[in-house]
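One structure below.
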Amino acid sequence: MAAVASLIAPIFGKLGRTKLFYINAAINILAAIIIQFDTTACLLIARALFGFAMGLYFYVSPIFISEMAPSKDRGKYTNLH
């Protein structure tokens with residue numbers, strides 16, 4: 001699912017980084033709620049949503065960090081991610 005999130009992430013680029021963090025948080029909360037139901041289908045759906053959210057997070061966060069970091073420390077902070 002992380003590969004799928006990486007493929008459709010440019011579509012999300014038009015929304016902006018901050019909105020994507022909120023969308024990502026909503027996906028994680030939804031997956032956490034779904035995983036509470038004790039069926040195999042719910043577990044698989046929740047795991048897929050978590051995978052999608054992590055792929056989206058790893059797309060958005062380095063860009064956001066590099067935009068927010070001071071120019072002299074930008075590489076250091078992005079590398080720590």
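Regarding residue 40, is this residue farther than 17 Å from residue 10 by Cα and surrounded by fewer than 14 Cβ atoms within 10 Å (Cβ to Cβ)? If you could, list the steps in order and put the result at the bottom.
On the way: farther than 17 Å from residue 10 by Cα: yes; surrounded by fewer than 14 Cβ atoms within 10 Å (Cβ to Cβ): yes.
Yes; evaluated as a whole, the condition is true for this residue.
What is the residue count in region 5-32 for residues that are surrounded by 16 or more Cβ atoms within 10 Å (Cβ to Cβ), modelled with pLDDT under 75 and not small (Gly, Ala, Ser)?
The number of residues fulfilling the criteria is 1.
Just need a number here: residues in region 36-78 that are within 19 Å of residue 17 (Cβ to Cβ), outside any helix (DSSP H, G or I) and β-branched (Val, Ile, Thr). Break it down into steps so the answer makes sense when it comes.
Of region 36-78, the ones within 19 Å of residue 17 (Cβ to Cβ) are 52-71, 73-75, 77-78.
Right, trim to outside any helix (DSSP H, G or I) and you get 69-71, 73.
Still in the running and β-branched (Val, Ile, Thr): none.
Of the residues in that region, 0 qualify.
Determine whether region 33-42 contains at least one residue that is of a type in the set (Ser, Thr, Tyr), out of contact with any Lys or Arg (no Cβ under 8 Å at 6 or more places or on another chain) and either at pLDDT below 90 or within 20 Å of residue 64 (Cα to Cα) (or both).
Residues of region 33-42 that are of a type in the set (Ser, Thr, Tyr), as a first pass: 39-40.
From what's left, out of contact with any Lys or Arg (no Cβ under 8 Å at 6 or more places or on another chain): 39-40.
Pick out the ones that are also either at pLDDT below 90 or within 20 Å of residue 64 (Cα to Cα) (or both) and you get none.
No, the conditions are met nowhere in region 33-42.
Could you list, in sequence order, the residues of region 53-70 that are at pLDDT below 85, among the hydrophobic types (A, V, I, L, M, F, W, C) and under 8 Å from the mean Cα position of the chain (by Cα)?
Scanning region 53-70 gives 56, 58, 60.
The values are calculated or read from the model by the stated rules, or taken from the named source; none is laboratory data. What you are looking at is a predicted structure, and each value in this text was computed from that prediction instead of being measured. Reconstructed Cβ throughout: ideal geometry from the backbone, glycine too, with neighbour counts over all protein chains shown.
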